[in-house]
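The values are calculated or read from the model by the stated rules, or taken from the named source; none is laboratory data. Everything numeric here is computed off the predicted structure, so don't read it as measured data. Cβ: placed from backbone, ideal geometry, glycine included. Neighbour counts: every protein chain shown.
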Amino acid sequence: MNGYQKGDVAIKIEGRNYRLRLTLGSLAEIEERLDVKGPLALAKKIRSFGAKNRSNSEALTLLECLMCVADHKGDVSVPHMVKRAKPMDYMPAIATLFEETFS
């Protein structure tokens, strides 16, 4: 994977490889898009994903914020097949990313 950095987590969705990266920018975007303030509120939101009907869209939002930039223009275009992925396909990788970053 080109551009891999320490802390990145590899993920495969529908046979294609992607990488997730947690940065201050991605944390700020997550807080804004999920309407949470701070790490404790974010942790509470993530733990509640399984209990809400809209959790799939929130989980996808989390994935979109963590996906590494695919081109050098700063645009992350999330492929349509990723948008169709089920949270169980990528939430373990997101959990690993947060665990490795904050442990």
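Observations
- Scanning segment 1-49 for residues that are in contact with a helix residue (DSSP H, G or I) (Cβ under 6 Å, 6 or more places away or on another chain) and hydrophobic (A, V, I, L, M, F, W, C) returns Val9, Ile11, Ile13, Leu20, Leu22, Ile30, Leu34, Val36, Phe49.
- Number of positions in segment 1-43 that are surrounded by fewer than 16 Cβ atoms within 10 Å (Cβ to Cβ) and assigned to a loop (DSSP other than H, G, I, E, B): 13
- Note on segment 49-68: among residues that are at pLDDT 85 or above, out of contact with any Pro (no Cβ under 6 Å at 6 or more places or on another chain) and aliphatic (A, V, I, L, M), the one that is surrounded by the fewest Cβ atoms within 10 Å (Cβ to Cβ) is Leu60.
- Note on segment 69-103: among residues that are modelled with pLDDT of 80 or more and of a type in the set (Asp, Glu), the one that is surrounded by the fewest Cβ atoms within 10 Å (Cβ to Cβ) is Glu99.
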